[in-house]
1. Would you please calculate the Kirkwood hydrodynamic radius of the stretch 1-68 over all C-alpha pairs and express it in Å, rounded to one decimal?
2. In nanometres, what is the gap between the two model label sites at residue 251 and residue 536, each 7 Å from Cα along Cα-to-Cβ?
3. Under unit Cβ charges (Lys, Arg +1; Asp, Glu -1), what dipole magnitude, rounded to 20 debye, does the stretch 198-306 have relative to its Cα centre?
4. Does the stretch 534-580 come out rounded, prolate or oblate, given a ≥ b ≥ c as the square roots of the eigenvalues of its C-alpha gyration tensor, rounded meaning a/c under 1.5 and, failing that, prolate meaning a/b above b/c?
5. Compute the signed sum of charges (Lys and Arg +1, Asp and Glu -1) over the other residues within less than 15 Å, Cβ to Cβ, of residue 603.
6. Please give the net charge around residue 11, taking every other residue with its beta carbon less than 10 angstrom from that of residue 11, where Lys and Arg add +1 and Asp and Glu add -1.
7. Could you work out the per residue convex hull volume over the alpha carbons of the stretch 2-167, in cubic angstrom?
8. If you place +1 on the Cβ of every Lys and Arg and -1 on the Cβ of every Asp and Glu, how big does the dipole about the Cα centre of the chain come out, in debye to the nearest 20?
Amino acid sequence: MTRRLAAIMFTDLVGFTKLGQRDEEAALRLRREYQALLRPCFATFGGHEVKTMGDGFLVEFASAVESVRCAVEIQRVVAERNDSVGAADRLVLRIGLHSGDIVEEGDDVVGDAVNVASRIEPLAEPGEVCLTGAVYEQTRNKLPVHFERVGSRTLKNVQEPVELYRIRGAGPPPPARDPTPSAEPVPFRLAVLPLANLSAEPSDEFFADGLTDELISRTAQVPQVRVISRTSVQRYKGSPKSIREVGAELDVGVALEGSVRKAGDRVRIAVQLVDVRSEAHIWSMRYDRPFGDIFAIQDDIAGQVARSVAAQLTGNRPAAEPSATPPSTVDTKDMEAYAYFLHGRQLFGERGSIESIRTALSLFEAAVAQDPRFARARVGVAETLLWLATEGVVPFREAEDRAYAELRHALAISETIAEAHSVLAALYLGSDRYAECEQEAHRAMRLNPSLADPYRWLAQLAAGDGNIEEAVRLLESARRLNPEDVNVLSFLGRALAYAGREAEALAFWKATRAQVPFRTNAHLAEFYLGRGELAAAEPAIREMERIRAKSPWTLVARGTLNVRRGDPTLAREYLRQLEERAKQGEMTVFFSGFLHFALGELDPFVADMQAAQRWKVLPLLELLYSPLYAGARADPRIQEILRRQRELGRPPPRPFAGAGAGPELGSGAGTGSDPPAPGPTLP
């Protein structure tokens with residue numbers, strides 16, 4: 001078998017069967033004309049005609065972009081032809097497009113891409129092009145056509161729902177292209193599954209988990225590969241599910257699995273790269289070396305993954321180009337420091353409790369003390385400090401200053417640590433330094449395209465700029481990289497609602513409520529209160545009270561509901577409580593503003609929003625999008641607040657200053673419930 005990635009097109013002549021039953025000669029004449037019209041289009045855009053099937057074509061393209069160009073050109077040519085004939089002689093086409101894995105069988109092609117494309121072609125309306133999310137992701141913003149999202153559909157004999165889009169009408173004619181365009185390979189999606197710990201000592205579990213993290217970081221640097229995050233693969237640790245099931249759930253084509261056995265000063269590692277659909281091993285390797293060789297082992301495994309995956313991307317060549325092998329990320333040779341680091345990463349990744357995060361911080365600090373030039377350990381110190389500050393465990397300004405200092409040292413040692421740039425982007429976002437945030441997020445994404453957090457920071461910037469659809473797109477990309485990230489899940493559901501995609505938001509909240517219970521119920525409460533559906537808001541608010549009764553978000557939701565029911569008493573009591581909490585140093589100013597607005601007290605609401613802006617905790621998304629505060633948006637004072645925030649949006653970049661030069665208290669770009677720093681945080 002020869003397996004490769006390709007874009008597949010199915011075409012169909014609408015009404016051909018009926019016409020053949022009524023007038024066979026006319027039907028055959030139209031089919032000949034239809035074939036004569038389409039074949040030059042295939043050649044122009046590099047399409048290879050695999051076969052005809054009655055009144056349809058199966059065509060293969062090396063590039064998804066060229067397949068869309070061809071589909072649009074076909075519909076244009078057919079529309080132009082129809083302008084000169086009568087209604088009885090019109091040609092009407094449906095076209096379906098999908099991009100994925102195909103297998104050659106003689107002169108034919110088979111595989112998932114062919115199956116899916118054949119299923120979606122009938123879903124196109126007459127005169128339309130219907131395409132999958134895989135094609136859309138490769139072509140959006142590259143062509144002068146209008147894509148319209150259809151939604152997810154369950155297709156016959158296709159295991160997972162497929163996201164669909166359509167192109168309405170013919171659109172402007174695309175320029176002709178070289179008939180043999182260069183391929184634009186679809187990034188492989190790879191899951192590095194948790195390595196099984198076969199050591200006699202259960203305490204060595206952290207080593208297996210830490211090595212899994214290392215392999216995720218290394219393989220994420222392989223060109224044209226997107227690696228699922230640790231958060232999302234960790235749930236498969238010890239899982240009885242088959243590789244095929246795991247691959248379907250994570251939407252990946254290949255998986256790396258294996259085991260670790262540490263005994264004394266030696267380590268034994270067995271790994272294999274598996275095609276998740278066929279469950280066939282692409283390659284496997286066993287290592288039995290001194291523990292001190294662990295860095296060489298990691299390099300070897302990452303290089304093998306790079307060459308094997310690149311071989312698939314390039315059509316089963318025996319070896320990849322040297323540039324496909326990721327550079328080494330080794331930044332310490334001290335095994336004691338490295339062991340501290342791995343253990344810290346395991347604890348921080350689990351987010352088990354406040355105490356476990358404190359322990360992770362102490363482990364990262366121990367790694368830095370052991371090897372001051374261990375740059376990734378310094379990033380670990382910065383990230384855990386900010387997490388603890390966000391939870392209110394340590395003073396934020398102190399944590400922020402120290403985080404800046406650690407990141408300054410880490411980037412001075414190595415500019416190529418994607419996580420350092422991502423954490424720095426979060427710090428800049430939390431202090432309204434938007435241009436610098438955007439710059440650092442893009443740096444992180446260039447260094448590690450599989451890192452999900454930078455997509456979230458850019459989504460917050462896009463939403464704050466008023467481009468909520470772009471925020472949704474970025475969050476969907478983040479979710480594909482880290483399906484279990486509660487911050488992404490929370491923000492995405494909310495963004496869908498703010499974008500007016502209410503049915504999708506409700507379905508999304510229903511699907512993710514168990515994963516993000518408090519935030520999802522808070523968003524449901526906001527949604528129903530904004531629509532005036534008080535009875536529907538009640539169960540969501542009760543759940544909020546059950547989970548976090550004292551959260552300011554819970555107080556605002558319950559207070560607002562009671563006011564809407566005609567009883568302001570509780571809202572005024574909650575206002576008093578929030579003011580007392582503010583005296584204790586808690587940032588509650590905009591929550592008080594929300595309750596003032598619920599009570600119809602616009603002047604105190606505006607004053608609280610002005611104070612929130614001064615403290616850099618402005619709930620910008622609520623002011624821009626929430627139906628609860630639609631009545632405030634016409635107020636000139638609120639418009640002035642929004643104007644000032646827009647002026648902050650793209651300040652001139654400032655150099656990274658490090659310790660002692662950090663910005664004010666962070667707000668997460670005023671994004672309400674989803675910031676990376678203190679401010680309007682939904683726990």
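All of the numbers you see were taken from the coordinates with simple rules; none came from a lab. Given the structure is predicted, the values throughout are model-derived calculations rather than measurements. All Cβ positions, even for glycine, are placed from backbone atoms using ideal geometry, and neighbour counts span all protein chains on display.
1. 13.1 Å
2. 2.7 nm
3. So the dipole magnitude of the stretch 198-306 works out to roughly 160 debye.
4. In terms of gyration-tensor shape, oblate.
5. Details: positive: 637; negative: 601, 608, 635, 640.
Residues near residue 603 contribute -3 overall.
6. In short, -2.
7. Working: hull volume 19.7 nm³, N = 166.
Convex hull of Cα atoms, per residue: 119 Å³.
8. Result for the chain is approximately 660 debye, rounded to the nearest 20.
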